[in-house]
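Here the structure comes first, spelled out in structure tokens, and everything after it is commentary.
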Amino acid sequence: MAEQTLTLRNLKVVFPSGMGLIRAVEGVDIDIGKGESIALVGESGCGKSVTSMSIMKLIESPPAITKMDQLTFAGDDIKDYTPSQMQSVRGKMMAMIFQDAMTSLNPVMTCGKQIDEMFMRHMQLNKKAAREETVKALELVGVPEPRKRAKNFPHELSGGMRQRVLLAMAFACMPKLIIADEPTTALDVTIQAQVLSVLRDMQKKHDVSLLVVTHDLSVVANIADTVYVMYSGKIVEKASVKQLFKQPFHPYSAGLLASVPSLSDTAGHFVQIPGSVPHPMKKPTGCYFHPRCHYAKDKCKASMPPLSAHDDGRQVRCFYPLKTNGGTSNV
Amino acid sequence: MKAVLKSIGRFFLKRFKGIRRFIKRVWAHRQGKIGLTMVTFLVIVAVFAPWIAPFDPYDVAERTTKGLPPSTTHLLGTTINTGQDIFSMLVYGTRVSLIVGVSSGVLIAIVGSVLGVMAGYIGGAVDSFIMRLVDVLLVIPTLPLVIVLTNVLGRDFWIIILIFVAIGWTGLSRTIRSLVLVLKNSNYVKAAELSGASRFHIMIRHILPGTSHLLIMSTALSSAGIMVAEAGLSFLGLGDPTAISWGKMLADAQSGGALLFGAWWWIIAPGIGIFMAVFAFMRIGIVVEEILNPRMKQSSGVYKIFKNLNSSYVEDVFNSMDEHAQIGEASSAKGGAHG
Amino acid sequence: MKKSYAIKRVLYSVFVFVIVMALNFFIPRIGVADPAERYYPPQGNMTDAQYEIIKQLTREQYGFDVSTPQQFLNYVGGLFQGDLGTSFRSGSPGVMELIVDRLPWTLVLSVSTMLLGLIFGIMIGVIAAMKRGRWQDTTLLNASTIMIALPGFFIALLLSFFLGFELEIFPAYTDPNMVSDFGWNMTAILRVIENAALPVLSMMVGSIVGYAQGTRNAVIAVTNEDFILTAKAKGLRNTTIRYKHTLRNAMLPIVTSIGMSISGLIGGQVVIEQIFNWNGMGTLFLEANNMNDYPLMMGIMLLLSGFTILAILITDLIYVLLDPRVTVGDRR
Amino acid sequence: MSETKVNPIVDMRHVSVDFPVKGALPFIRKGCIQAVSDVSLTIHRGETFGIVGESGCGKSTLANAMIGMVKPTAGEVVFDGKNLYELSRDDFKATRRDMQMIFQDPFSSLNPRFNVYQIISEPMFIRGQDSEATMKARVIELLELVGLSKDDLYRYPSDFSGGQRQRLGIARAIILNPTFLVCDEPVSALDVSVHAQILNLLTDIQKKLKLTYVFISHNLAVVKSICDRMIVMYLGKIMEAGNVKTIFDNPLHPYTHALLSAVLDTDQTKQREQVILKGDIPSPIDPPKGCRFYQRCPKAMEGCKTIPAPEITVEEDHVVACHYVNGFPESVEKGEGYDTPLKQQADE
């Protein structure tokens, strides 16, 4: 606990809309240790991206309304940082990798220039020196002919190369924390493997903390140490990857894991979670997952279970967690 | 054959229903309400002009009333040179503007959509021909072209409308074409093709309905544009010489010395007429555009909501998110109260 | 890739110009068997025999005595030598000379309208986009809803009435001696500026609002793009994001809209010149129309269309320079 | 031997599909995209046939050629004994009613202006043989089959979640009782937690209606679970083909290995060694002359650059196109040092 990179306590985000407030994130706590790799897993609309953006304070207000109890980053309390203070934290101390490199890169600027900006802004380098650093950074993430590639515009590169450019940009100033929002979703499987391995190697080598936001459990398995599972704006389970894959405690995590087809499956039938993710304006009462849960009891319909601690630092938000005994993940 | 007739019948029935629903949506908009009210008002004025106008606007015999400023008898005064009642002229002028504007707008919608759908759906040589035509018509300055054509073809009312249509369809057909290209490649059209749908079926059931909102928008906007163009043409003295129109009133005002003698009412009145008509149709067009493409508007809407948010309500919602809070009840009750 | 795109655009512009040229040639020939009838319509007190003689003279004078294809070839050949034909005016001046006399005066108006409109329009648009939802933005929105419904010539009349006749700030009519007395000295230039003030003002209002609205929408659209978020996540300063990332991208649709707006600007100027008695191509065109002077009308039309084609071509080429993504695909 | 015994529903023979690419200047053609080149396959009645590959490998084009949406530039497609592209217009339409498709994106595949009844009944409406009442009854029957209720009949697509929309798409696809259904990545646009629902629904329907499926996917685990036979495609060519069991028991092609290693196995003890391919998927405009995979292949040899790899049957119902597996063919000119391994590019 000594070297904590990020501590986030009780993050809440709502978006006003014509019909009332959209409750995007409802009290999320996240801890990231130095050099640790954390995954935030959930389906679309569960608030995982909003959470990651809130950590960087990139959620625009208006329209969003954000509230949190604590946000400590690298020993500094950045909860009340002004926008201009945040500007010198972002990019330098914490960086972000976005999902779609095509739209995340400025189409009318060469890739090199976009990375140069990082060095010019945060290291006060001149153009020429910045370009040298850029070439080095591109080389680090495995871009062949980095000097030439730096002069290319984003649309001239392939999807994998563009994603690497984003990686180079994120690692440019060797930040303490990198937030990767669905870093490989837009890529093909073989390219995905390349990019993930680069990301993992870079992270381990430079001892950078990593927060990966994804819906893809194979990404989680590849890259994370600890997993937070989010459902409908709340954390429902926190566990190490090994623990979670071995025995999920929350029925949702269990369903999620089981619904991923695996090569060792032999049956032609897939384990399924019934129903679909609730609309953020029409969340059910009680536990948000209870309408889709096989184990739901009356208590689940009445009140939201607390996020309770279990052994090995695991946390589960469920009145009736699936303990190891039954092995009931097979529904 | 029967199926074809049936589908045509259904198409129109659905269109009528669709239009009614659509007008309701426009009406739900504050701006749309303004536009619809104004258009209705103008239509009433145009239809009942003889009953509304207190004097005969063509009457130039009464020379005693020259150049009167607005008063209770002559609501908007009279002209300096002929003593015509300006209010009556304004009322009658509505007819010309609306007929030219609306009929050109509707015809443009028809021509533009037919050509646009042809270009987009048939493609190939038809597409290139239509699009090259569009490019050519777009580079020729409109008003001079209209003037040349009226010179060559005559200044009859309907000829003027036809000229406006012949020139005005270009923008619409280009937009329709690109929309058709999108619709044509959509998966639901592919599914219909797989089920053996004919081109005709796809056109009637999928493609044309997909363009309908765009057509309403274009009709409104091009009507407005053509009213301005018609006023400009009449202002230059090149409109239909027998009709009373707002543009011609402005031209008379200028040539009749309204500027010189300070007869401001003579200039303002037709100007307001043009403004009202154009404004009304523009409103409708813009509202439809917003309904079609809500992204632009939404952002400012959200700002408004954000400004008017009740902070204690937000606080309540935040508190309800805390651990152990009776979240379900709180959220449902408060959500209902706000909505 | 870019080079071939540019070549393609240039070739296409030439093609469009050729079509416009053909239209120009054929429009006056619509609906009459003999072009001479169009150029010299029958007068009431003329016997058939007299009219036939006059037609024959007209044919010879304007080169209608050869076959239509031959006439077209002659027309095109003349164009290449800068000859737009002979005006129907007394003294048979060449169309080209007439136009060349008026052209600079027209350009004074249109170029200054365009530049002022663009500068103020973009400035206001950027401000409105930055202050989205606040009074600057709503003012622009309201102004544009009103201005868009006010035709330029009505604004011109109002300005001429209030600023010209009532308050006498600017001349309500163009000084008839402005053109003849012009020389490159301070007083003459000032006089031009003074006289151009009202026409430029009345055309400018509309174009400022138009460009401002367009700029605002373009800037807001770019602000919502993902790469702006990336730029923020990089910790760049607001000014860097605004000028290096947002504006550069927002310029793209603006550039296209400039090319598109030129045709309308030229058309509207015809009326404005008439109101202020400005001695430009617009008034020349209306004079020609009143005298059924077809060679002159069609010459002006051709020139105006040529300008528009050129302007669109230039904006297209600028677009290519600004946007690296443009390759060979059909952008329009 | 088996081909004569089983009456195949689809038989594709040497099918190629090229798309022309417009050149810079008019009248100059730059070249063409070889989306599918020389693919032959048979699909047996009642089976689920998997097509696996990454984006740009031609799997969707191949499927489109199968159902008559894209005319092949070469080769023939025989469906149910009829050569699809030689049929008369009416026969073609009638034949095509036996085929349907389920699309990847459930949001763009339903007309947003239509209600559920109109969407699902459209194929029947197009056929134009049924009364309104029969159509309604049939739609309600289908809605229940796909797990929706008849209360949804007059709702619009925007009222449904992604998974529910996909159910609507399935109902529309099976309303005319087709025999052949192409599922083009039917779950990849959906939330993870509903994947299983849709896959289960598809397999249930197949059992009930005795359909033949073509299942396009990039996820080998899904293909393993639901397919009987499969092909692995890369840049328009078949890399490996055959019985799913055989292939998974004994994957031979290096590309198949790479795809396999990308599949997550939640059982951490079984996690295989990761094969990470270098480089990018090359453009199909100018594909390599030899083996199309050689640039990224960890086993590539000098000869792979120039000598195309023929599809060779290695065991019953298992075809592999790879020089590393099959050795270079005897008959061709191989050149100097053809079997020396290619040097790994320095980019990893």
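The numbered conditions (1) touching a helix residue (DSSP H, G or I) at 6+ places or on another chain (Cβ under 9 Å); (2) open to solvent by less than 20 Å² (accessible area, probe 1.4 Å); (3) among the aromatic types (Phe, Trp, Tyr) are all true for D:Phe125 except (2). Considering only region B:1-18, state which residues are out of contact with any His (no Cβ under 8 Å at 6 or more places or on another chain) and open to solvent by less than 80 Å² (accessible area, probe 1.4 Å). Across region B:1-18, the qualifying residues are B:Ala3, B:Val4, B:Ile8, B:Gly9, B:Phe11, B:Lys14, B:Arg15, B:Gly18.
Of the helices (runs of 4 or more DSSP H) lying entirely inside region C:218-332, those carrying at least 1 residues that are in the same structural domain as C:Val108 (by TED's automatic domain parsing) and surrounded by fewer than 19 Cβ atoms within 10 Å (Cβ to Cβ) are C:226-233, C:248-275, C:281-290. Which residues, taken from region A:242-251, are facing another protein chain (nearest Cβ under 8 Å) and either surrounded by 24 or more Cβ atoms within 10 Å (Cβ to Cβ) or under 11 Å from A:Leu217 (Cα atoms) (or both)? Matches in region A:242-251: A:Phe245 only.
Of the numbered criteria (1) touching a residue at least 60 places away in the same chain (Cβ under 8 Å); (2) surrounded by 21 or more Cβ atoms within 10 Å (Cβ to Cβ); (3) of a type outside the set (A, V, I, L, M, F, W, C), the one D:Asp228 fails is (2). Screening region A:26-122 for helices (runs of 4 or more DSSP H) wholly inside it with 1 or more residues that are within 30 Å of B:Tyr313 (Cβ to Cβ) and open to solvent by less than 10 Å² (accessible area, probe 1.4 Å) returns the ranges A:48-55, A:83-89.
Where helices (runs of 4 or more DSSP H) sit wholly within region C:1-77, those with at least 3 residues that are over 27 Å from B:Gly154 (Cα atoms) occupy C:2-26.
Within region A:18-51, the only residue that satisfies the criterion of being away from chain B (no Cβ under 11 Å), over 13 Å from A:Thr7 (Cα atoms) and without any contact (Cβ under 8 Å) to a residue 40 or more places away in the chain is A:Val50. Taking the condition open to solvent by 30 Å² or more (accessible area, probe 1.4 Å), assigned to a helix (DSSP H, G or I) and either more than 9 Å from chain D (Cβ to nearest Cβ) or more than 30 Å from B:Ala253 (Cα to Cα) (or both), does B:Leu214 pass? No: the conditions fail for B:Leu214.
Mind checking which residues of region D:184-223 are part of a helix (DSSP H, G or I) and closer than 19 Å to D:Asn243 by Cβ? Listed by number, the residues that qualify are D:Thr203, D:Gln206, D:Leu220, D:Ala221, D:Val222, D:Val223. Could you tell me which of the residues B:Ser97, B:Ser88, B:Ser104 is hydroxyl-bearing (Ser, Thr, Tyr), open to solvent by less than 50 Å² (accessible area, probe 1.4 Å), over 21 Å from B:Ala253 (Cα atoms) and modelled with pLDDT of 75 or more? None of the other options fit; the residue is B:Ser104. Suppose we filter A:Glu117, A:Glu132 for residues that are within 8 Å of another protein chain (Cβ to nearest Cβ) and either farther than 20 Å from A:Leu71 by Cβ or among the small types (Gly, Ala, Ser) (or both); which single one remains? Sole residue among the options that is within 8 Å of another protein chain (Cβ to nearest Cβ) and either farther than 20 Å from A:Leu71 by Cβ or among the small types (Gly, Ala, Ser) (or both): A:Glu117. Between A:Lys234, A:Lys238, the distinction of being in contact with a Cys (Cβ under 9 Å, 6 or more places away or on another chain) and buried (at least 24 other Cβ atoms within 10 Å of the Cβ) belongs to A:Lys234 only. Looking only at residues of region D:289-301 that are over 11 Å from D:Gly236 (Cβ atoms) and part of a loop (DSSP other than H, G, I, E, B), we find that the one that is most open to solvent (accessible area, probe 1.4 Å) is D:Lys289. In the set (1) touching a residue at least 60 places away in the same chain (Cβ under 8 Å); (2) surrounded by fewer than 15 Cβ atoms within 10 Å (Cβ to Cβ), B:Val26 fails one condition alone, (2). Condition check for A:Val165 on (1) surrounded by 23 or more Cβ atoms within 10 Å (Cβ to Cβ); (2) aliphatic (A, V, I, L, M); (3) under 18 Å from the mean Cα position of the chain (by Cα): one failure, at (3). Taking the stated definitions as given, is C:Leu11 of a type outside the set (S, T, N, Q), within 14 Å of chain D (Cβ to nearest Cβ) and loosely packed, with under 13 Cβ neighbours inside 10 Å? Criteria met by C:Leu11.
Summed over region D:174-205, residues that are open to solvent by less than 30 Å² (accessible area, probe 1.4 Å) and either facing chain A (nearest Cβ under 10 Å) or within 17 Å of the chain's Cα centre (by Cα) (or both) total 20.
Within region C:183-236, being more than 20 Å from the chain's Cα centre (by Cα), more than 22 Å from C:Trp278 (Cβ to Cβ) and of a type in the set (Ser, Thr, Tyr) holds for C:Thr215, C:Thr223, C:Thr230.
Whether any residue in region C:194-210 is open to solvent by 40 Å² or more (accessible area, probe 1.4 Å) and among the β-branched types (Val, Ile, Thr) is what I want to check. Yes, the conditions are met somewhere in region C:194-210. Residues in region C:1-24 that are under 23 Å from C:Leu321 (Cβ atoms) and among the hydrophobic types (A, V, I, L, M, F, W, C): C:Met1, C:Ala6, C:Ile7, C:Val10, C:Leu11, C:Val14, C:Phe15, C:Val16, C:Phe17. Remark: pairs (first residue in region D:117-137, more than 17 Å from D:Pro178 (Cβ to Cβ); second residue open to solvent by 40 Å² or more (accessible area, probe 1.4 Å) and charged (D, E, K, R); Cβ separation under 7 Å; 6+ apart in sequence or on different chains) = D:Tyr117/D:Lys136.
Looking only at region C:38-66, which residues are hydroxyl-bearing (Ser, Thr, Tyr) and under 24 Å from B:Val148 (Cα atoms)? Residues satisfying the conditions are C:Tyr39, C:Tyr40, C:Thr58, C:Tyr62.
Residues in region B:240-262 that are outside any helix (DSSP H, G or I) and surrounded by fewer than 24 Cβ atoms within 10 Å (Cβ to Cβ) were compared, and the one that is nearest to the other protein chains (Cβ to nearest Cβ) is B:Gly262.
Exactly one residue out of C:Ser92, C:Ser87, C:Ser112 is within 30 Å of C:Tyr211 (Cβ to Cβ) and outside the structural domain of C:Ala36 (by TED's automatic domain parsing), and it is C:Ser112. Just one of (1) among the hydrophobic types (A, V, I, L, M, F, W, C); (2) open to solvent by 10 Å² or more (accessible area, probe 1.4 Å); (3) within 10 Å of chain D (Cβ to nearest Cβ) fails for A:Val219. It is (2). Consider C:Met21 against the criteria (1) away from chain D (no Cβ under 14 Å); (2) surrounded by fewer than 17 Cβ atoms within 10 Å (Cβ to Cβ): it satisfies all of them except one. Which criterion is unmet? Only one criterion in (1) away from chain D (no Cβ under 14 Å); (2) surrounded by fewer than 17 Cβ atoms within 10 Å (Cβ to Cβ) is unmet by C:Met21, namely (2). In region B:223-237, the residues that are among the aliphatic types (A, V, I, L, M) reach residues that are not in a helix (DSSP H, G or I) with C-beta atoms within less than 8 angstrom, at least six apart or across chains, in these pairs: B:Ala224/C:Ala149; B:Val228/C:Pro151; B:Ala231/B:Ser245; B:Ala231/C:Pro151; B:Leu233/B:Gly239.
The values are calculated or read from the model by the stated rules, or taken from the named source; none is laboratory data. Every value quoted in this text rests on a predicted model; they were computed, and no experiment measured them. Glycine also receives a Cβ, built like all others from the backbone with ideal geometry; neighbour counts cover every protein chain displayed. For the accessible areas, the whole protein counts, side chains as well, though only heavy atoms, and no ligand, DNA or RNA atoms are used. Shrake-Rupley method; radii C 1.70, N 1.55, O 1.52, S 1.80 Å.
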